[in-house]
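Computed from the coordinates by the stated procedures, all read-outs in this text should not be read as laboratory data. None of the values given here were measured: they were computed from a predicted structure. Note: ideal-geometry Cβ built from the backbone for every residue, glycine included; neighbour counts use all protein chains shown.
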Amino acid sequence: MGLAKRIIPCLDVDNGRVVKGVNFVDIRDAGDPVEVAKRYNEQGADEITFLDITATHEGRDTTVHTVENIAAEVFIPLTVGGGIRTVEDIRTMLNAGADKVGINSAAIKNPDFVKQAAERFGSQCIVVAIDAKQVSEEGEPKRWEIFTHGGRKPTGIDAVQWAIKMVANGAGEILLTSMDRDGTKNGFDLELTKAISDAVVVPVIASGGVGNLDHLVEGITKGGADAVLAASIFHFGQYSVPDAKHYMQQQGIEVRL
Amino acid sequence: MAKSTIAVIDYGMGNLHSVASALEHVGDNVEVLVTGDSEKILAADRVIFPGVGAIRDCMAEILRLGVDQVVAEVARTKPLLAICVGMQALMDRSEENGGVDCLGMFPGQVKFFGDQLKNEKGEKLGQKLKVPHMGWNQLHQEIEHPLWQGIDQGSRFYFVHSYYVHTDDPSLVAATTDYGVQIHAALYHDNVFAVQCHPEKSSPAGLQLLSNFLTWDGQS
């Protein structure tokens with residue numbers, strides 16, 4: 001027995017409200033991120049990831065407040081991503097009670113930002129989020145590139161090389177999302193997950209495409225991920241976190257029960 | 001009953017918010033002070049010595065602010081709980097940042113995990129070890145102790161670290177954890193207790209540990 005594989009529910013939050021919908025039978029106000037986070041904590045989630053998609057500056061203050069409220073009641077690790085662009089943004093989120101921050105497009109604009117962030121706050125709280133899409137043609141060796149703007153804009157950056165570079169710059173963890181799979185419920189891009197997981201020494205969180213519990217299992221057993229992230233299968237009560245953990249344990253994966 | 005006060009030592013390294021809020025959450029009638037003021041720390045009933053980040057920076061601030069003397073005084077007089085890099089700072093020396101001398105309150109070293117699994121002889125097995133050691137791992141309690149009260153043997157706690165503690169004195173080990181090597185995940189001596197994991201992020205077992213600390217009289 002040793003380190004458990006982690007299950008991480010993800011909340012997409014806009015102006016202090018969970019979006020993409022959350023539907024727990026016994027939560028009346030399903031859009032309140034604090035209530036949702038508490039519920040996942042009670043279910044035994046190993047961490048919570050909070051993805052802030054708020055566009056406005058005023059809305060960001062709401063986000064900080066929401067993070068404070070979650071941190072006051074939920075005593076498992078909390079990662080906040082979305083809109084983290086400066087050292088000051090990181091400081092604000094950590095002071096609000098986040099344990100880690102996810103950095104995505106700011107790293108693409110300036111890869112040294114990750115270095116500065118890790119030097120200032122320690123690698124343990126710097127998660128680099130990578131949105132990747134397959135660019136190789138049928139029959140070619142598989143290749144993935146980093147995409148921005150929700151998977152619409154290519155950057156020309158090779159995803160595996162980028163992961164290696166980000167870890168060299170001090171990323172303590174990689175949150176890897178397949179933009180081909182995100183929202184499809186067809187399962188993770190396992191080859192992508194495996195390629196990144198094999199290339200770096202830090203933990204990799206697989207994300208994008210989970211539609212059932214076998215997908216979570218495959219992310220670990222075939223993708224080599226250290227943690228699996230999912231949103232909608234949990235939000236709509238299709239599966240609970242304990243359902244997922246018991247199933248993974250039956251498949252021989254070590255989990256925290 | 002008078003409020004009991006808990007000082008969380010603030011020496012400018014990282015976020016102490018979660019330690020403080022977890023203590024407030026579990027404590028009845030407690031006042032939690034996040035402070036670097038030595039008078040306030042020495043006046044508190046109990047003290048937490050946390051730490052986040054790189055050991056060189058932590059030790060530099062500890063020495064610059066005189067926190068070493070405060071911690072030494074607390075260790076003589078009242079219950080002290082060291083967490084994560086706070087625990088590492090109590091050892092003789094750390095391999096991190098090219099080698100850094102620490103406070104030497106516990107005999108032993110802080111070592112790098114390395115990037116491969118090793119066998120008992122220290123030979124590399126060719127299987128990759130992810131570093132940092134991040135996530136929920138089991139604490140194997142090696143002794144009975146008031147701080148383990150109500151915590152099941154083998155309970156999981158949240159860890160995040162790239163260097164691990166190894167003491168030269170097995171009689172000080174309160175718990176071990178396996179991650180490629182055997183980590184000395186908790187040490188104790190008299191009224192000092194130290195953990196590598198983050199109890200403040202390890203609900204529910206970690207909150208139980210903090211709750212136990214709030215009523216601990218400093219005896220083993």
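Key figures
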{"read-out": "Rg over Rh [alpha-carbon atoms, Kirkwood Rh] for region B:4-215", "value": "0.95"}
{"read-out": "Convex hull (Cα only) mean projected area of region B:27-69, reported in nm² to one decimal", "value": "3.5"}
{"read-out": "Principal-axis tilt of helix B:55-64 within chain B, Cα atoms, nearest 10 degrees", "value": "30"}
{"read-out": "Efficiency of FRET from Cβ geometry, A:Thr56 and B:Lys40, R₀ 41 Å, rounded to 0.05", "value": "0.50"}
{"read-out": "Rough spin-label spacing in nm, given labels placed 7 Å along Cα→Cβ, for A:Ser136 and A:Thr86", "value": "4.2"}
{"read-out": "Radius of gyration, Dmax [region A:66-134; alpha carbons; angstrom]", "value": "12.2, 40"}
{"read-out": "Positive-pole candidate from A:Val128, A:Pro111, A:Pro77, dipole of region A:65-134, charges at beta carbon", "value": "A:Pro111"}
{"read-out": "Along principal axes, Cα extents of the protein assembly as shown, largest first, whole Å", "value": "68, 54, 43"}
{"read-out": "Spin-label model distance (nm) - A:Arg152 vs A:His65, 7 Å beyond Cα toward Cβ", "value": "3.0"}
{"read-out": "Theoretical FRET efficiency, 1/(1+(r/R0)^6), r = Cβ-Cβ of B:Glu95 and B:Asn29, R0 60 Å, to 0.05", "value": "0.90"}
{"read-out": "Share, in percent, of DSSP beta bridges within region B:4-215 that are antiparallel, nearest 5", "value": "60"}
{"read-out": "Debye, to nearest 20: dipole size of region B:4-215, +1 on Lys, Arg Cβ, -1 on Asp, Glu Cβ", "value": "560"}
{"read-out": "Angle in degrees between helix B:67-77 and the longest Cα principal axis of chain B, rounded to the nearest 10", "value": "70"}
{"read-out": "Cα gyration tensor of region A:1-127 - equivalent ellipsoid semi-axes, whole Å, descending", "value": "24, 18, 12"}
{"read-out": "For region A:162-226 versus region B:157-202, the gap between their alpha-carbon centres in whole angstrom", "value": "30"}
{"read-out": "Inter-centroid distance (Cα atoms) of region A:36-83 relative to region B:59-79, Å", "value": "34"}
{"read-out": "Rel. contact order, % - alpha carbon contacts under 8 angstrom, at least six apart, chain A", "value": "19"}
{"read-out": "Overall Cα dimensions of chain A - principal axes, largest extent first, Å", "value": "50, 44, 36"}
